[in-house]
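The structure appears below as structure tokens.
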């Protein structure tokens, strides 16, 4: 009997060994973006197979279920069966009450997956979390072999904001419907739920309006402009700037660029987005940025002519009833195509000069008891808003619409980071607000200047907002203006990985953020993006940001902006475009001649923008035989409004005083006064020195008689630099500053080449 029990025990043990449990995962194996509100990793995992069932109980679950089935159909070849009765080994969808929109609960065990939510977007977001927990092969467009395991987890998750948006500009450069669909899938993966389509602007009309066929027959096509030609020039070194030849066609004997969506295609996009719980917001710019319409319907302008003023185009005439009729006829077709609550009318950067001269506009101002042209635009906005209300819609516009008055029903997108009063004014007025400022959320800005860390650490809600005002913040949005984005690959490069930072900022609590931890999760997302065919940004090459000077020779050191596995640097010293066949950077290299260095990083087939600089041979400037008795510089004040920096002359100086540093001090934002800083600079040792200035208006920095920094011209605060070879000792230094009409800055720095810059202060100056 004892032997029988022993044999039975061994048989059971062997049977259990032959059917091992599903493996467990480590926390470092998992990357979820955005970060869930609450996450617990448990033992073991759930395995999908061809017989895995999906248990549905409500129509609100259908979009999520369809998406999950679609993933497995493409990548695994599984046709997951949908049933209504609960069973073992299934994915169970269940409705629970009380969760906010978008929120969900997810419980994964070795025996089942339970997805709980209150409404359809919650179920859909849960599926995107399952998608990110699955192997990256789930993103494959064709059937592949994989072990379809999902770690055992317990997640409770909800979004911070209801508006989690991305924007595409179709007017400057156009992307096709299949590319739009791909972008919507990227958005879905990271739980972004609002897609803003900028469909019309001066450079092109991109949506069919049946009542006005010329808008797309002619307004959707243009002779290549400066934006096109600049992209074509850049494409010689960077193929990401290549404009697809399919975007050109012969019209009236001329080669023109363009494209547009038919109304049927718009319906297809809206439906595709809806299946992913994404709302599509159309933007039809008015009354400015309307040149592509005025070109073909010239009665819309004040003068019957279309064109550009100094910066912006001439707007539509707001003194003509035909303008209002035209806009409403367009919007009548738009509202039928887009189920979204909001219709965006732009309203930004309107050139009001033509209204100032137009007798019809001036009559409209007088007849409606308006104060000025800004109130005329608000009068127009309110009229359009009432029309949209009659169609069951609400008006949305850029933050300029706040000026001149705004009804409480309108919503505002704050984009002008330099106008911090605009969002405060909007929420004080009771308007809903979307945060989308240039400071962080303009993704047409290069990654170098608007990097991932800056975006992630940006807190969108201004500190000045009260708790009640914060409730009016619907959310955030990143914008991809397409002046310099002529291809879908370039669009991907500008969007990723920064889009992930927006996704997390829009979802996670501001108290639940850690950039280092986030960046580690982002790095684990790259293989998934590779499977999706996303062409993302990789770190740029550092070390060629400025000119390099040498006397006899110099050592050039390159590095990456940040470390990323699999990224390598290739460079050339003959001015040619670096490829993976060029010199591979492994250590600093010596240059002993005047050359042009170009470098770029590669990660597989992905490459980034070229960084380049010239190596210039310099002759030493000898020090002067002086021993300054006082520390600091003399600052001379020169009254009068001067045209050029070269007009700043010490002979006109009214007085001078000793200053410790180069700055505008008490003259900031006051009546403009020209300045000269003069004295001696001490070079600690022989070497190449870099000098840098930052000013508005303009400045020159001289060492002796040599102009080292030329920061002249009319401009806002900006930096310029120069290099010079100095012998150790004292050197005469002069900085001339011609301010703008509103003086804001004059600063100066120095440093040995390759070392951090230091401010020019009394520590290194004297007279």
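The values are calculated or read from the model by the stated rules, or taken from the named source; none is laboratory data. In this text, all values refer to a predicted model and were calculated from it rather than measured experimentally. Virtual Cβ from ideal backbone geometry, glycine too; neighbours counted across all protein chains shown.
Among the listed residues 201, 185, 176, which satisfies the condition of being crowded, with 24+ Cβ neighbours inside 10 Å, assigned by TED's automatic domain parsing to the domain that holds residue 283 and modelled with pLDDT of 95 or more?
Only one candidate passes the filter, namely 201.
Within the stretch 559-582, how many residues are more than 28 Å from the chain's Cα centre (by Cα), surrounded by fewer than 15 Cβ atoms within 10 Å (Cβ to Cβ) and in a strand (DSSP E or B)?
So the answer is 1.
Being buried (at least 21 other Cβ atoms within 10 Å of the Cβ), assigned by TED's automatic domain parsing to the domain that holds residue 201, on the phi > 0 side of the Ramachandran plot and under 33 Å from the mean Cα position of the chain (by Cα) is the requirement here; does residue 346 meet it?
Considered against the rule, which asks whether it is buried (at least 21 other Cβ atoms within 10 Å of the Cβ), assigned by TED's automatic domain parsing to the domain that holds residue 201, on the phi > 0 side of the Ramachandran plot and under 33 Å from the mean Cα position of the chain (by Cα), residue 346 comes out as yes.
Restricted to the stretch 65-103, and to residues that are in contact with a helix residue (DSSP H, G or I) (Cβ under 7 Å, 6 or more places away or on another chain) and in a loop (DSSP other than H, G, I, E, B), which residue is surrounded by the most Cβ atoms within 10 Å (Cβ to Cβ)?
102
When you go through 732, 661, 762 one by one, which is the residue that is at pLDDT 95 or above, surrounded by fewer than 19 Cβ atoms within 10 Å (Cβ to Cβ), closer than 13 Å to residue 633 by Cα and under 37 Å from the mean Cα position of the chain (by Cα)?
Unique residue meeting the criteria: 661.
Tell me which of these residue 739 doesn't satisfy, since it passes every other one: (1) assigned to a loop (DSSP other than H, G, I, E, B); (2) surrounded by fewer than 17 Cβ atoms within 10 Å (Cβ to Cβ); (3) over 30 Å from the mean Cα position of the chain (by Cα).
Of (1) assigned to a loop (DSSP other than H, G, I, E, B); (2) surrounded by fewer than 17 Cβ atoms within 10 Å (Cβ to Cβ); (3) over 30 Å from the mean Cα position of the chain (by Cα), only one is false for residue 739: (2).
Residues that are closer than 22 Å to residue 29 by Cα, part of a loop (DSSP other than H, G, I, E, B) and touching a strand residue (DSSP E or B) at 6+ places or on another chain (Cβ under 9 Å): does the stretch 548-556 have at least one?
no
Name the one entry in 284, 251, 330 that is in contact with a helix residue (DSSP H, G or I) (Cβ under 7 Å, 6 or more places away or on another chain) and either in contact (Cβ under 8 Å) with a residue 12 or more places away in the chain or more than 19 Å from residue 200 (Cα to Cα) (or both).
Every option except 284 fails the conditions.
So is residue 335 farther than 25 Å from residue 247 by Cα, surrounded by 17 or more Cβ atoms within 10 Å (Cβ to Cβ) and in contact with a strand residue (DSSP E or B) (Cβ under 7 Å, 6 or more places away or on another chain) or not?
Yes.
Does residue 639 qualify as being surrounded by fewer than 18 Cβ atoms within 10 Å (Cβ to Cβ), out of contact with any helix residue (DSSP H, G or I) (no Cβ under 7 Å at 6 or more places or on another chain) and not assigned by TED's automatic domain parsing to the domain that holds residue 703?
no
Results for (1) at pLDDT 95 or above; (2) closer than 29 Å to residue 333 by Cβ; (3) in a helix (DSSP H, G or I), shown as yes or no for each residue.
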| site | (1), (2), (3) |
| --- | --- |
| 397 | yes, yes, no |
| 408 | no, yes, no |
| 439 | no, no, yes |
| 453 | yes, no, yes |
| 456 | yes, no, yes |
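Could we say that residue 106 is part of a strand (DSSP E or B) and in contact (Cβ under 8 Å) with a residue 40 or more places away in the chain here?
Considered against the rule, which asks whether it is part of a strand (DSSP E or B) and in contact (Cβ under 8 Å) with a residue 40 or more places away in the chain, residue 106 comes out as yes.
Quick one: residue 531 ticks every box in (1) within 17 Å of residue 566 (Cα to Cα); (2) touching a strand residue (DSSP E or B) at 6+ places or on another chain (Cβ under 6 Å); (3) surrounded by fewer than 22 Cβ atoms within 10 Å (Cβ to Cβ) bar one, so which box is it?
Result: residue 531 fails condition (2) only.
Could you tell me which numbered condition residue 675 fails, if it satisfies all but one of (1) assigned to a loop (DSSP other than H, G, I, E, B); (2) under 28 Å from residue 756 (Cβ atoms)?
Looking at each condition in turn, residue 675 falls short on (1).
Answer yes if at least one residue in the stretch 208-219 is assigned to a loop (DSSP other than H, G, I, E, B) and either more than 21 Å from residue 333 (Cα to Cα) or outside the structural domain of residue 340 (by TED's automatic domain parsing) (or both), and no otherwise.
no
Can you spot a residue in the stretch 464-486 that is within 27 Å of residue 425 (Cα to Cα), under 12 Å from the mean Cα position of the chain (by Cα) and in a helix (DSSP H, G or I)?
The answer is no; no qualifying residue exists.
For the stretch 669-707, which residues satisfy the criterion of being at pLDDT below 95 and surrounded by fewer than 21 Cβ atoms within 10 Å (Cβ to Cβ)?
If the condition is that a residue be at pLDDT below 95 and surrounded by fewer than 21 Cβ atoms within 10 Å (Cβ to Cβ), then 669, 670, 671, 672, 673 are the ones that fit.
Of 238, 225, which residue is under 24 Å from the mean Cα position of the chain (by Cα), assigned by TED's automatic domain parsing to the domain that holds residue 180 and either touching a residue at least 40 places away in the same chain (Cβ under 8 Å) or surrounded by fewer than 14 Cβ atoms within 10 Å (Cβ to Cβ) (or both)?
Selected residue: 238, the only one of 238, 225 that is under 24 Å from the mean Cα position of the chain (by Cα), assigned by TED's automatic domain parsing to the domain that holds residue 180 and either touching a residue at least 40 places away in the same chain (Cβ under 8 Å) or surrounded by fewer than 14 Cβ atoms within 10 Å (Cβ to Cβ) (or both).
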